[in-house]
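Undergrad: Just dropping this structure here.
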Amino acid sequence: MNSSLNNLARSVMPLTDPAQVQIVYNRVFAKKVCRECGALNSIRAVKCRRCHSYNLRPKKKEIASKKS
């Protein structure tokens with residue numbers, strides 16, 4: 001988790017305050033994604049808000065790198 005925070009701070013925005021980095025981390029990565037419809041749900045969700053499926057996974061914590 002710390003490496004994700006450091007990568008986020010370096011690559012996306014120049015944040016130096018750890019409290020601000022934690023806020024951004026929670027807003028960006030603290031989500032669940034429905035495996036059936038792809039909707040973003042809250043981290044506390046048990047079923048999807050859009051299709052009502054129980055098939056949820058946590059959002060990936062790594063920032064995708066661009067392929068060249």
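Undergrad: If you add up the charges near Phe29, with Lys and Arg at +1 and Asp and Glu at -1, over every other residue whose beta carbon is less than 10 angstrom from its beta carbon, what do you get?
TA: Counting the neighbours of Phe29, the net charge comes to +4.
Undergrad: Shifting gears a bit: Report the full-extension gain for the segment Ser53 to Ala30: residue separation times 0.36 nm, less the Cα-Cα distance, to one decimal in nm. It would help to have the intermediate numbers written out before the result.
TA: Working: separation 23, 0.36 × 23 = 8.28 nm, distance 1.90 nm.
Here the answer is 6.4 nm.
Undergrad: Next up: Taking R0 as 22 Å, what's the FRET efficiency between Leu15 and Leu40 from their Cβ-Cβ distance, rounded to 0.05?
TA: Working: r = 22 Å, r/R0 = 1.02.
Taking R0 as 22 Å, the efficiency between Leu15 and Leu40 is 0.50.
All of the numbers you see were taken from the coordinates with simple rules; none came from a lab. Just so it is clear, the model here is predicted, and its values are computed rather than measured. No Cβ is skipped: glycine too gets one built from the backbone with ideal geometry, and neighbour counts run over all protein chains shown.
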